[in-house]
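Everything below concerns the one structure shown next.
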Amino acid sequence: MHSFEHDTDTSRTVFGMGTLSRVPEELRRIGGRRALVLSTPGQRALATRVAGVLGDAAAGIFDGAAEHTPVEVTDAALARAEQVAADSVVSIGGGSTTGLGKALATRTGMPHLVLPTTYSGSEVTTLLGETANGEKVTRTGPEILPEVVVYDVALTTTLPWPVTVTSAVNAMAHAVEALYAADRTAETDAMATDGIGALARGLRALHLDADDLDARADLLYGAWLAGRCLSAVGMGLHHKLCHTLGGSFGLPHAATHTVVLPHAMAYNAQAAPEAMRATATALDVDDAAAGLQALVARFGGPTRLGDLGFGLADVPRAADLATARPYPNPRPVHHEGIVELLTHATEGTTIAGTAPEYSQPPTPDEENR
Ligand code: NAD
């Protein structure tokens, strides 16, 4: 019998091909008349295109979005918003641009429309991570959730294959951890398995045909579901490790998720067998952790933290940070196990079958902690 508590959030989603043309009407719907359009420097041309579609409803462009939402960038964007008398924010890009849009919108109360171009899922979450003085602090609140998300599959076709792989696995991580979250519900379970399935299907198909638009649609749809999982339930060990590695060691967000996820899954496998079975079925592999790692390798994705600027010498400090205030996790998080996990992730150890290196059930001591 189901037993759960369920709150719904209040944002609007438009999903399809060519939906960029809907942006002026969707902006008006949330009360925007003069939007500041945000992007990274690399997506300036796309921001200019969006401003063109908005016409008079575009007040200006700010193209300084950067990973981990540095507060200095937010201050510069705020100054630009004031300068052009913006009354709304339109973010076009991945999680970095969406993070900047959230930071602006929550500081000013301006309505926020997002056009996602990666699979980060940030556009449908109530979470905002900001970096000040080298430290990343994450907060959550309903005011952070963008009012409208317009998913246009056409905007994702330019995403290079390596970023497509890492961004899709970043999305999978939200769904995998949702399947063993203590506060998961029947709805999040359904979104998670559907999301993982769509992401895996999309990657396989796009790997065979780089122009497959249905595959791109599957990936974006899976990212939407996975992002909603991220917002709905608490994340576990995997996200704690990635927040530590990104926030304190400056590792790239999606690539780090891609390397760590199979190892975090292997660590949790014995303590969350149902979640692992559901993940394996959705991925269409025999063993969830080993199968995902093999898929990533087949797609040419990163499999070693050692290739991302993290070394074995960094492992002890990362383990200290990751175990100091651990997130809730199906298997107790203990220092020795995390050192082992990070060592394997750094060296790119192949996870075999049911991952014997982590397969011992928790000791009574661990269970009582
Ligand atoms: P990103 O936004 O940094 O984008 C990566 C790079 O790809 C950028 O240079 C960008 O310009 C480029 N790019 C994006 N879309 C493209 C496209 N379609 N074609 C070509 N190039 C494209 O990467 P990300 O992984 O989406 O976001 C990472 C950031 O998002 C991190 O700061 C992370 O903490 C945050 N994040 C937040 C949440 C949340 O819920 N708050 C969730 C996930 C990620």
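Using a basic spin-label model with each label point 7 Å from the Cα along Cα→Cβ, how many nm lie between Arg44 and Val14?
Rounded to a tenth, the inter-label distance reads 2.8 nm.
Using just the helices of the chain, give the 222 nm mean residue ellipticity in deg cm²/dmol: DSSP H runs with n ≥ 4 each add -39,500 (n - 2.57), and the total is spread over all residues, rounded to 500.
-16000 deg cm²/dmol
So what is the relative contact order of the range 15-134, in percent, for Cα pairs below 8 Å that sit 6 or more residues apart?
27
Below 10 angstrom from the Cβ of Leu305, what's the summed charge of the other residues (Lys, Arg +1; Asp, Glu -1)?
Neighbour charge sum, excluding Leu305 itself: -2.
Does the range 86-237 classify as rounded, prolate or oblate by the C-alpha gyration tensor (a ≥ b ≥ c root eigenvalues; a/c under 1.5 gives rounded; else a/b over b/c gives prolate, otherwise oblate)?
It comes out oblate by the Cα gyration axes.
For the range 103-191, what does the relative contact order come out to in percent, with C-alpha contacts under 8 Å and a separation of six or more?
After rounding, I find 30 percent.
Taking square-rooted eigenvalues a ≥ b ≥ c of the alpha carbon gyration tensor, is the range 1-151 rounded, prolate or oblate, where a/c under 1.5 means rounded and, failing that, a/b exceeding b/c means prolate?
Judged from the Cα gyration tensor, the range 1-151 comes out oblate (a/c at least 1.5, b/c at or above a/b).
Note down the net charge around Thr131, summing +1 for each Lys or Arg and -1 for each Asp or Glu among other residues with Cβ under 11 Å from its Cβ.
Taking every Cβ under 11 Å from that of Thr131, the sum is -3.
Between the DSSP loop rule and a limit of at most 16 other Cβ atoms within 10 Å, which trypsin sites (Lys or Arg not before Pro) in the range 276-313 are left?
The qualifying sites are Arg304.
Using per-residue counts of other Cβ atoms within 10 Å, averaged over each peptide, order 228-241, 23-36, 196-209 from highest down.
For the peptides 228-241, 23-36, 196-209, the packing ranking is 228-241, 196-209, 23-36.
Given the C-alpha centroids of the range 155-191 and the range 36-53, what is the distance between them in whole angstrom?
If we compute the Cα centre of each part, the gap is 26 Å.
Could you bin all the Cα-Cα distances of the chain into 20 Å bins starting at 0 and give me the percent of pairs in each, rounded to whole numbers?
31, 57, 12, 0
Determine the sum of side-chain charges near Leu179: Lys and Arg each +1, Asp and Glu each -1, restricted to other residues whose C-beta is under 11 angstrom from that of Leu179.
-1
How high is the relative contact order of the chain, in percent, with contacts defined as C-alpha pairs under 8 Å that are six or more residues apart?
14
Just order 220-227, 97-104 by mean Cβ neighbour count inside 10 Å, highest at the front, would you?
Ranked from most to least packed, the peptides come out as 97-104, 220-227.
Where a ≥ b ≥ c are the square roots of the eigenvalues of the C-alpha gyration tensor, would you call the range 33-110 rounded, which needs a/c under 1.5, or, failing that, prolate if a/b is larger than b/c, or oblate?
Note, shape of the range 33-110 comes out oblate.
Between the range 243-261 and the range 264-331, what's the alpha-carbon centroid distance in Å?
After rounding, the separation between the Cα centres reads 12 Å.
Read the figures in this text as sums done on the coordinates, not as results from a lab. No experiment lies behind these values; they were computed from the predicted model shown. In this analysis, Cβ positions are derived from the backbone assuming ideal geometry, glycine residues included, and neighbour counts consider all displayed protein chains.
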